[in-house]
Amino acid sequence: MREDHQRTFFREDRDGRAARVRLPEETLELGADAVDIVCIGEYDHTVRDVLANLNRPGSVPGIAHRDGKKIRRTGNRPLIEDLDSLRSPHGNTWI
């Protein structure tokens, strides 16, 4: 991973939610100069874990990432069973 850790891990769609990436490996290939890590599936805990493990992205389940010139995909992250444990994107108000 590059030394400039102020990179975008995901982009937001027009509603402020993280946009889905349907082809993570292809996104890394096409975005060679701009993308280092792509979250796959539920990203709520994945982004937190990526930020905590920037020097070891291969240890984070649920991502595709660059490893030198290779693109690697880690194992699947389990689904979040307790959705009520997640913070609302609208502060304390659930819609």
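Bear in mind that the values in this text are calculations on the coordinates, not laboratory data. On a predicted model such as this, the values are computed, not experimentally measured, just so you know. Cβ coordinates were reconstructed from backbone atoms using ideal geometry, including for glycine residues, and neighbour counts include every protein chain displayed.
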Rounded to whole Hz, the Karplus (6.51, -1.76, 1.60) HN-Hα couplings of the range 53-60, x for glycine and proline: 10, 4, 8, 9, x, x, 8, 9
Peptides 67-78, 45-56, 28-39: what's the order by average Cβ count within 10 Å, highest mean first? 28-39, 45-56, 67-78
